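These notes concern the structure reproduced below.
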Amino acid sequence: MESEKAIHALGALAHDTRLEIFRRLIRRGPEGLTAGSLAEQLNIPPSTLSHHLSQLERAGLLKSWRVQRQIFYAADYGGTRAFLAFLTQDCCGGRPEICAGLDVEGTGLPADQKPYHVLFIGTGNAARSIMAESILKKEGQGKFVAHSAGRHPAGGVDPFTLDLLASFDYPTQDLRPKSWDEFTREDAPRMDFIFTVCDEAAAEPGPAWPGRPIIAHWPFPDPVAFQGPEVEKRAVFLDVFRQIDRRIGVFVNLPFRALDDMSLRSSLAEMGG
């Protein structure tokens, strides 16, 4: 990166609102947030937000894309890595051991503090995998970054799922069905754990996942398939939600740092029953 570009990036971040926008999008990951969600979270007018977003995008720190009528924004990890590499290329005056924990390839956090990325895979990514993503976002906040995807994404999140999550105060913003192909792209985060939540997704050969994620199968009944009165259908959704919630409750409390790779893989497989 040239000095002029680095100065532009520093100038873009030298504002409290733009810095907060950038930090939120870094935490969010490559799936990003809509402009509307950002404006709501930061409690600022859309016109003001648009100005700050354009500043960050011109500095090479953000990227945007349109999905129907909504514009999504996400951190530009390539630009961010180049910026961090420029700042740290002469780190410690030739004494790299001082800053050996700096991770310029990711978020800048020391390696032992990086959160685990977890991907839940279903068939349509409309109910079970969405529930799991939302539950882990709340229960594993700070330790895990939750994602979900489907082998054949549905046109939208199941409304019973959204109602149920909202009723228990679990996050529903920006939940959307998406293809598992999104997580094989070069700019996608590397997954540490991948869980299939239905037999159909587990039976189909998956993509070649970057890195070496631990993969396990956690099957749950499909509440969308239930046919019956609405009150009974909601009860089925609640039962599946509780099953997923219990499983994730055990998962987030595993002693990850103390378990070796084989022990962890075995523990997760046993949890799938």
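The values are calculated or read from the model by the stated rules, or taken from the named source; none is laboratory data. Here the structure is a predicted model, which is why all the values come from computation and not from measurement. Neighbour counts are summed over all protein chains in view; Cβ atoms, including those assigned to glycine, are modelled from backbone coordinates with ideal geometry.
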Considering residues of segment 11-37 that are at pLDDT 90 or above and within 17 Å of the chain's Cα centre (by Cα) only, the residue surrounded by the most Cβ atoms within 10 Å (Cβ to Cβ): ILE21
Among residues of segment 55-71, those that are surrounded by fewer than 18 Cβ atoms within 10 Å (Cβ to Cβ) and not in a helix (DSSP H, G or I), counted: 8
Residue in segment 231-250 that is touching a Gly at 6+ places or on another chain (Cβ under 9 Å), surrounded by 13 or more Cβ atoms within 10 Å (Cβ to Cβ) and outside any helix (DSSP H, G or I) present: no
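The rows are residues; the columns are (1) surrounded by 21 or more Cβ atoms within 10 Å (Cβ to Cβ); (2) aromatic (Phe, Trp, Tyr).
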position	(1), (2)
VAL118	yes, no
LEU136	yes, no
GLY155	no, no
LEU164	yes, no
PHE168	no, yes
ASP174	no, no
Residue selected from segment 1-10 under the condition aliphatic (A, V, I, L, M) and surrounded by 15 or more Cβ atoms within 10 Å (Cβ to Cβ), by the criterion modelled with the highest pLDDT: ALA9
So THR88, is it modelled with pLDDT under 75 and either under 30 Å from LYS233 (Cβ atoms) or of a type in the set (Ser, Thr, Tyr) (or both): yes
Members of segment 227-249 that are among the hydrophobic types (A, V, I, L, M, F, W, C) and in contact (Cβ under 8 Å) with a residue 24 or more places away in the chain: PHE237, LEU238, VAL240, PHE241, ILE244, ILE248
Enumerated strands (runs of 3 or more DSSP E) restricted to segment 114-228, each holding at least 1 residues that are in the same structural domain as LEU238 (by TED's automatic domain parsing), within 26 Å of GLN41 (Cβ to Cβ) and touching a strand residue (DSSP E or B) at 6+ places or on another chain (Cβ under 9 Å): 116-122, 144-150
Cross-chain or 6+ apart pairs with Cβ under 6 Å, segment 123-134 first and in contact (Cβ under 8 Å) with a residue 12 or more places away in the chain, then of a type in the set (Phe, Trp, Tyr): ARG128/PHE220; SER129/PHE120; MET131/PHE241; ALA132/PHE120; GLU133/PHE120; SER134/TYR170
